[in-house]
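Since the structure comes first, as structure tokens, the remarks are kept for the end.
The values are calculated or read from the model by the stated rules, or taken from the named source; none is laboratory data. Quick caveat: nothing in here was measured; it's all calculated off a predicted structure. Every residue, glycine as well, gets a Cβ built from its backbone with ideal geometry; the counts of neighbours run over all protein chains shown.
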Amino acid sequence: MPHLALSTVFYLSLSTILWAGNAVAGRVLVGSISPITLSAVRWGLAALMLLPLGWRVFRPSSALWQNKTRFLVLGLLGVGSYNVLLYLALQTSTAINVTLIGASMPIWMLFIGAVFYQVRPTFLQLVGAIVSLVGVTVVLTRGDPVSLLALQVVTGDLLIMLATILWAFYSWMISRPGRSPERQWPWAEFLMAQVMIGFLWTMLFDGMEIATGHAFIQLNYFTGALILFVAIGPSLIAYRCWGLGVNGAGPTMAAFFANLIPLFTALLSAAILGDPPQLFHGLAFALIVIGILISSSRQPSN
């Protein structure tokens, strides 16, 4: 097992718990607020709460302006498109399915690292990623391999797969700053840049939802509390912890931690949604865990 600081393990684990809560909250809010409007409200609130700590990033002397193209892409991948796709996916897929399909992230992380960042995966990482992907296939087929011959994937399953690929690109980008001195930035300013730009992207998407007449919101104390939760926990806290965890463990190992999200989602879904996991969910999770153990094993030396 690669040596990881306890703080890194804590940051990555806390992120997965909060994102599991985000998936469950998003499912609960179906019918109370349209998906893209939910993402826009979430990130608008997050930006307002972060502004007192991170406003300096918008000063004319800030390095943000010399790296504006990079942050436009970071904001689109990490805050904008991923979260819009997640909430859209939850309209037609369950919270458990969405997070289990997201467990394909390691194989996308390995592929993107090899193709775009010249980081060659180890043999055990490849084997572990393939085993995890088999677990995702179990979810897509609802535990019936024969159904692959006539597979009918719901729209939400495809949307979360696309979101997972985009998140893999985002994770590699924040772990490889290039010429941008991001690791020297105050954390609030670095996160503020991503949140604000991601919010602007989300507002663009929300404009399309409003223009097509699909935007709506029904506020009460319960839905307001859930929206406030997703604006603080899965947004500000989880994104900060994920950035710290990726820098400590590397994007590939962090991706395998993300496979814990289905476990926490299943537990929360059973407790809150009355949506207990099925037998095929258990099989899928077992395969994902096996994939993590294989990938995190040390390569035997010759």
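Got a sec? Which of 48, 38 is free of Cβ contacts under 8 Å to residues at least 60 places away in the same chain, part of a helix (DSSP H, G or I) and more than 15 Å from the chain's Cα centre (by Cα)?
One residue alone meets the criteria, 48.
Does segment 234-249 contain at least one residue that is without any contact (Cβ under 8 Å) to a residue 24 or more places away in the chain and part of a helix (DSSP H, G or I)?
Among the residues of segment 234-249, not one is without any contact (Cβ under 8 Å) to a residue 24 or more places away in the chain and part of a helix (DSSP H, G or I), which makes the answer no.
Residues are listed down the side, and each one gets a yes or a no for (1) over 23 Å from residue 107 (Cα atoms); (2) of a type in the set (Val, Ile, Thr):
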site: 160; (1), (2): no, yes
site: 192; (1), (2): yes, no
site: 195; (1), (2): yes, yes
site: 201; (1), (2): yes, no
site: 252; (1), (2): no, yes
site: 259; (1), (2): no, no
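Within the set of pairs 6+ apart or on separate chains, which have a first residue in segment 154-174 that is on the phi < 0 side of the Ramachandran plot, a second that is part of a loop (DSSP other than H, G, I, E, B) and buried (at least 21 other Cβ atoms within 10 Å of the Cβ), and C-beta atoms under 7 Å apart?
Listed by first residue and then by second, the contacts come to 154/93; 156/90; 156/93; 157/93; 160/93.
What are the residues in segment 61-92 that are touching a residue at least 60 places away in the same chain (Cβ under 8 Å), of a type in the set (Gly, Ala, Ser), surrounded by fewer than 23 Cβ atoms within 10 Å (Cβ to Cβ) and over 10 Å from residue 166 (Cα atoms), if any?
Result: 62, 63.
Which residue, of 225, 193, is farther than 13 Å from residue 75 by Cα and either crowded, with 16+ Cβ neighbours inside 10 Å or modelled with pLDDT of 85 or more (or both)?
So the residue among 225, 193 that is farther than 13 Å from residue 75 by Cα and either crowded, with 16+ Cβ neighbours inside 10 Å or modelled with pLDDT of 85 or more (or both) is 225.
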